[in-house]
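Taking it in order: structure first as structure tokens, then the write-up.
Please treat every number below as a calculation from the coordinates, not as lab data. Since the structure is predicted, the reported quantities are computational estimates derived from the model, not experimental observations. Ideal geometry is used to build each Cβ from the backbone, glycine not excepted, and the neighbour counts take in all protein chains shown.
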Amino acid sequence: MTYNQTAITPEDREEYIKQYSKPGAMRAGFEYYRAVFEDAKQNKEYGKGKLDMPILTIGGEAALGNLTTTSFQKVANNVTGITLPNTGHFIPEERPNFLIKQILNFFK
């Protein structure tokens, strides 16, 4: 879901369709959902101790918002969370310059 409906152009959509139409292209995405129960089991075990490394989460207000941040705060001690107003799920497409700036600042 995009907040800014012009962020993904018709040309972008055609490229997505082209790439997703290739044989096997959807396999990784499907595997993500197939593994959800195994992931949950592993996360329960691995989540017994909190992570100490810095973690950056960025969510679009019109999509996940701060859900990723609150999820990581349960398993990590050093979480920086950003929720972008007027932004949906496709942050790289909707706010590319902001995203680049945040990532570069995080890794300084």
Exercise. If you plug each phi of segment 54-69 into the Karplus form 6.51 cos²θ - 1.76 cosθ + 1.60 with θ = phi - 60°, what whole-Hz ³J(HN,Hα) values come out, in order, with x for Gly and Pro?
Worked result: x, 10, 10, 10, 9, x, x, 4, 8, 10, 7, x, 9, 4, 5, 4
Problem set entry | Label-to-label distance, nm, for residues given as residue 86 and residue 31 (7 Å Cα→Cβ offset) | 3.9 nm
Exercise. So how much slack lies between residue 16 and residue 101, counting 0.36 nm per residue of separation and subtracting their Cα-Cα distance, in nm?
Worked result: 28.1 nm
Exercise. HN-Hα J couplings of segment 8-24 from phi, Karplus 6.51/-1.76/1.60, θ = phi - 60°, integer Hz, Gly and Pro as x?
Worked result: 10, 7, x, 5, 4, 4, 4, 5, 4, 4, 4, 6, 6, 7, 5, x, x
For this session: Show the residues, 5+ positions off or on another chain, whose built amide H is closer than 5 Å to the amide H of residue 4.
Result: 88
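Hey, got the dipole for the chain? About the Cα centre, +1 on K and R Cβ, -1 on D and E Cβ, debye to the nearest 20?
Here the chain has a charge dipole of around 380 debye.
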For this session: Count the net charge of all other residues whose Cβ sits under 14 Å from the Cβ of residue 20, scoring Lys and Arg as +1 and Asp and Glu as -1.
Result: +1
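When a/c is below 1.5 the answer is rounded, else prolate if a/b is larger than b/c, else oblate, so apply that to segment 61-108 with a ≥ b ≥ c taken from the square roots of the Cα gyration tensor eigenvalues.
Numbers: a/c = 2.95, a/b = 1.21, b/c = 2.45.
In terms of gyration-tensor shape, oblate.
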For this session: Calculate how large, on average over all directions, the projected area of the Cα convex hull of segment 1-77 is; give the answer in nm² to one decimal.
Result: 7.0 nm²
Exercise. Which residue, 59, 29, 81, tops the fluctuation ranking in a GNM of the chain built on C-alpha contacts under 10 Å?
Worked result: 29
Problem set entry | Cβ-defined net charge surrounding residue 38, 14 Å radius [Lys, Arg +1; Asp, Glu -1] | 0
Seminar exercise, completed: Sorted by chain and number, the residues with a modelled amide H under 5 Å from that of residue 58, at a separation of 5 or more or across chains, are 82
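Plugging the Kirkwood radius over Cα pairs into Stokes-Einstein for segment 7-48, at a temperature of 25 °C and a viscosity of 0.890 mPa s, what D comes out in µm²/s? Could you put the intermediate results ahead of the total?
Numbers: Rh = 12.6 Å.
Roughly 194 µm²/s, to the nearest whole number.
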Seminar exercise, completed: The set of residues whose placed amide H lies less than 5 Å from the amide H of residue 76, leaving out same-chain residues fewer than 5 positions away, is 51
Seminar exercise, completed: Ranked from fewest to most other Cβ atoms within 10 Å of their own Cβ, 39, 52 fall in the order 52, 39
